[in-house]
C-alpha cells in the first residue's frame, strides 16, 4: 500500500492563527490542549480530505491521534533529558523549542547519575503530578499522553543515542568516536538506559502500554557506515530488546548506511529522507519492510510541482510494490499547491499500484 500524510509545523500554525508556543504551552496542559485542539480544528477546516494534522514532525501519527488526548510534557525527547542534566529550556514563539547546548561538555562521565535516580528529579515529579491530575479530574473524558509519547498508539519516541550525544557534547563526538571509542560507548549506553527507564516510567504512570519505539537518529549521515555498525547498531538493538520493535528515522542521505541498519535487531520500519535510495532499501530489506520517505524541503517550497512529482515518480518506481508512506512536515513558506499536487499524484498512483 502507498499512502501520504503530513503534519503542520509550529511555524505554519503561528503564521496562520497567531498562536504562541511559549513556555506555558509546554508546561500547562490545559493551555496545550486548547492550542492543540485549535490547530487541529484549523487543519480539518482548511485541508478537508487530506491526511494532514498538527503534530511534531515524525512523532505523532494521524491514525492514532485522539481529539480527547491531552499532551503532558510534550517536549522533544532529548530536550527533556538535557533539562534533567541542567540545560535550560528555550521555547520559541513560532518554532520548535530547544535547550542550551553542550550540557555534558567537560563533565566527568563517571559521575553521571544512575538512570533510575532521575525519576526523583523535580521535572519528572512535576509531569507525574500533571498526569495524575488529568486522570483524577477529567472523569475519563481526557486521556493523558505522557512525555516520550505523542498519541494513543503506545509508541515511545526518543532521539537516537548518537544524535542525543551530539546534542549534549557537540560535533566533537564524531571525532571522539574514533579517538575515544570506549568513552563514547559509555555515554551512549548511559543515554539509552535513561531513555528506557523514562519511557517505562511514564508508560506505567499514564497507563499507556509500550508497543514499540521510534528512534530519531538524525545524525547518522555524519559518520561512516562502519561507525554506525560499531556504535548505533548495538545501542539501537538494546532499545529494540527493551522497548519493542524499532522504527528508525534517518533523515539525511542514508543510502550507504542501509546495510549497517539491517543489522539492528528488532527493526520493523525505516523512515528515510528524500535523497536516500529506495531501490537500495528494497534490495537490502525486501518488500516486507514498511518504509516511509519525506520530500526534500526545496521541492516542497518550489513554485511549481514539477520537481516534487519527478521525485515521487522515481520513488514509487524504486519501491517496487512494498508498503510505502510519503510523510511531509509543512513549514511556513512551503507551497501548499505543491503539496496538493503531490497528494493527488500519490493517491492516484498508489491506488493503481495497489491493484497490481
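Just so it is clear, none of the values below were taken in a lab; they were calculated from the coordinates. Treat the numbers as computed from the prediction; the structure is a model and nothing was measured. As a convention, Cβ positions derive from the backbone with ideal geometry for all residues, glycine included, and neighbour counts pool all protein chains shown.
Computed over the chain with a Gaussian network model linking Cα atoms closer than 10 Å, the most mobile of 122, 88, 22 is 122. For the range 1-80, the C-alpha radius of gyration divided by 2.2 N^0.38 Å, with N the number of residues, is 1.09.
For residue 175 and residue 256 in one chain, what is 0.36 nm times their gap in residues minus the Cα-Cα distance, to one decimal in nm? That works out to 27.2 nm of additional length. Between the beta carbons of residue 37 and residue 126, assuming R0 = 22 Å, the FRET efficiency works out to 0.45 to the nearest 0.05. Note on residue 66 and residue 303: the model spin-label points, each 7 Å out from Cα along the C-beta direction, lie 4.8 nm apart. Take the Cβ-Cβ distance between residue 20 and residue 182 as r, set R0 to 56 Å, and report the resulting FRET efficiency rounded to the nearest 0.05. Once the sixth-power term is evaluated, E becomes 0.80. Could you state the number of Å between the C-alpha centres of the range 297-351 and the range 145-197? A separation of 31 Å, based on Cα centres. When 279, 110 are arranged by Cβ crowding within 10 Å, least crowded first, meaning fewest neighbours, the order is 110, 279. Label-to-label distance, residue 204 versus residue 105, with points set 7 angstrom from Cα along the beta-carbon direction: 3.7 nm.
Per-residue packing, averaged as other Cβ atoms within 10 Å, sorts the ranges 302-315, 152-165 into the order 152-165, 302-315, beginning with the highest.
As a length-normalised measure over Cα pairs under 8 Å and 6 or more apart, the relative contact order of the chain settles at 19 percent. Using a Gaussian network for the chain with springs between C-alpha atoms less than 10 Å apart, which of these wobbles most: 45, 30, 67? Of 45, 30, 67, the Gaussian network model singles out 45 as fluctuating most. A Förster radius of 25 Å, combined with the Cβ-Cβ distance separating residue 314 from residue 224, puts the computed FRET efficiency at roughly 0.40. For the chain, modelled as a GNM with alpha-carbon contacts under 10 angstrom, which of 31, 247, 200 fluctuates the most? Comparing 31, 247, 200 in the GNM, the peak value goes to 31. Its DSSP H runs of at least 4 residues, each contributing -39,500 (n - 2.57), put the calculated 222 nm mean residue ellipticity of the chain at -13500 deg cm²/dmol, to the nearest 500.
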